[in-house]
1. Grab the helices (runs of 4 or more DSSP H) fully contained in the range 203-294, keeping just those with 3 or more residues being among the small types (Gly, Ala, Ser) and under 23 Å from residue 359 (Cα atoms).
2. Looking at the range 283-300, I want the residues that are β-branched (Val, Ile, Thr) and have a partner that is surrounded by fewer than 15 Cβ atoms within 10 Å (Cβ to Cβ) and at pLDDT 85 or above with Cβ atoms under 9 Å, at least 6 apart or on another chain. Which pairs are those?
3. Could you please give the count of residues in the range 350-360 that are surrounded by 24 or more Cβ atoms within 10 Å (Cβ to Cβ) and at negative phi?
4. Pairs only if they're at least six apart or on different chains, beta carbon under 6 angstrom, first in the range 346-360 and touching a residue at least 40 places away in the same chain (Cβ under 8 Å), second surrounded by 17 or more Cβ atoms within 10 Å (Cβ to Cβ) and of a type outside the set (Gly, Ala, Ser); list them, first residue then second.
5. If the requirement is being modelled with pLDDT of 90 or more, within 17 Å of the chain's Cα centre (by Cα), over 24 Å from residue 328 (Cβ atoms) and not hydroxyl-bearing (Ser, Thr, Tyr), which of these qualifies: 111, 91, 98?
6. Among the residues of the range 349-371, which ones are farther than 19 Å from residue 313 by Cβ and in a helix (DSSP H, G or I)?
7. Residue by residue through the range 143-157, note down the ones that are within 14 Å of residue 124 (Cα to Cα) and not aliphatic (A, V, I, L, M).
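The values are calculated or read from the model by the stated rules, or taken from the named source; none is laboratory data. Computed from a predicted structure; not experimentally measured. No Cβ is skipped: glycine too gets one built from the backbone with ideal geometry, and neighbour counts run over all protein chains shown.
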Amino acid sequence: MKIMALPLPRAAHLVTTMRAAFWMFAGRGAGLLWTVFIIHQFGIGSYGTYAMAFALATIIAVPIDNYFFVGSVRSSDEDFRRDRATRLLVGSTIFVLGAFVYPVAFVAGFGIVLAGGEIAFNALQSTWMRAGRPDRLMINTTVRQTLCIATAVGVVVVGQDVTLEQACIGYLAPYLLSILYTLRLLRTDRPQWPRGRARMGLLVLDAVGIALYEQADVLLLGLLIGEATAGYYATAQVAATAASAVGVSYAQTFHEPLRAAKGHPSAGPPPRQTALIGLGIGLCITLTGGVLEVLGASDQLWGAFLIMSVFTALRFSKHALTVVLIVQHRDAVRVATTFGCIAIKGVLLLTLAVGLGWGSIGAATAAVLAEIVLVTAYAWLVQGSAARPADADADADPVEVTS
C-alpha cells in the first residue's frame, strides 16, 4: 500500500505556501493572544516560567522526534508507516510519564507532557508533511492550537483563583485526542525499531543541537538574570520564530521534487525568491517593534523585536537551505555546524546579555550573530553541492521516489 503523495507543479509552490501561511498565522495569532492572556492574568514572571517550560518541551521533543521527521521525508512508504506507529507509541508513553511529574514540578511536568503530545500529534500530521502539503498540515495544527488555548482560557474563566499550573492542564488536555487515536492506528501499522544505529545517533545528536540552539538561551536568561528578562526575550523570539516559520511551509512544498532529483539544489527553493520573501517577513517584525515603542512598551521588549527582525529573515532562508541538506543526507555537516553555532551563541549570550547587562537586547543580538554564521555555512554547503553528482551519497538511506 502506497502513501498518497500529492506533488505540486513548480508554479504552485508559492500558492501552497500562502495557504499554509494563512493558517499558520491564524494559529500563531491565537498563540499571541494566549501569550497576552498569560501576561495579563498571571504576570510577566509567570509567562517567563511558562516560556521556560515550553523551552524544556522543545529540548525533550526535538531530539526524540528528529529521527522520525527526517525519515518521513526520505524513507520508503513501508518504513514510513511503521515509523509513524512507533512515533505515536513513543509520544504517548512520554505523555503519560509527564502526567506523573506534573503535580510535583510544573516546569518539568509541563515540558514532558507537552513533548509527548507534540510527538504523537506530529506523527498524525506526518503524511501531509511527507507529501509536501503544508497547507493541509497547518489547518490541522491551527485547529489543535486553537482548541488548546480555548480549553485553557475556559478553565480560567469558569474556575476561581485559577493558577497558571491549573490553566495549563486545560491547554494540554486536547492532546489526549492524538493519544487515543494511537490505539486505532496501531491495529493496522506495526511499530518497528529505528533502523541504522549510527545514523539514528547522528540524527538524535542533530536534534539535541537544534533544541539547545533554539531554546537554551531562554532557560539561561531565566536562571542567570530573571524570569522577567526571559519573558521579554521569549516574547520577541516567539514572534520572530513564528513569522519565519512560513519558511518551513515553503520548504516543505519542495519535498517531492527534491526526492526525485536526489537532493540536487536546482529542484529546491530558488535562492533569490527565498531571500526576498524572508526580507519581507522580517520587515513585519520590524514594524511590530516600532508599534511597541509607540505604545510605550519596555525598551527590553521593543528593542528585542527590532533586532530579531533580522533573525526572522535569516531563519526563513535557513529553513529553505535545511530541506536541501536533509534530502541530501548530509547530516554530519549539519550537526557540526549546529554545535559550532551553539558555542558561538553561548559565548555571545554570556558576554552581551549577562556580562554587559544588555538583558533581552543582548540575547537578541547574540541570536542574530549566531544565525548569520549558521545561514552562511548552510548556503556555502548547498551552493557547493550543485556541482556534485546526484548519486553522491552512496551510503545514504534508501529513498523511494513516488510520482
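1. Numbers: elements: 227-244, 246-252, 255-260, 271-294.
In the range 203-294, 227-244, 271-294 are the helices (runs of 4 or more DSSP H) which contain 3 or more residues that are among the small types (Gly, Ala, Ser) and under 23 Å from residue 359 (Cα atoms).
2. none
3. Looking only at the range 350-360, we keep the residues that are surrounded by 24 or more Cβ atoms within 10 Å (Cβ to Cβ), and these are 353, 359-360.
Checking which are at negative phi leaves us with 353, 360.
Residues meeting the conditions: 2.
4. Once the first residue is touching a residue at least 40 places away in the same chain (Cβ under 8 Å) and sits in the range 346-360, its partners that are surrounded by 17 or more Cβ atoms within 10 Å (Cβ to Cβ) and of a type outside the set (Gly, Ala, Ser) give 349/217; 359/229; 359/300; 360/229; 360/232; 360/233; 360/300.
5. It is 111.
6. Hits for the range 349-371 are 349, 350, 351, 352, 353, 354, 355, 359, 360, 362.
7. 144
Condition check ((1) out of contact with any Lys or Arg (no Cβ under 8 Å at 6 or more places or on another chain); (2) under 28 Å from residue 257 (Cα atoms); (3) modelled with pLDDT of 85 or more) across all residues:
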residue: 104; (1), (2), (3): yes, no, yes
residue: 123; (1), (2), (3): no, yes, no
residue: 140; (1), (2), (3): yes, yes, no
residue: 154; (1), (2), (3): yes, no, yes
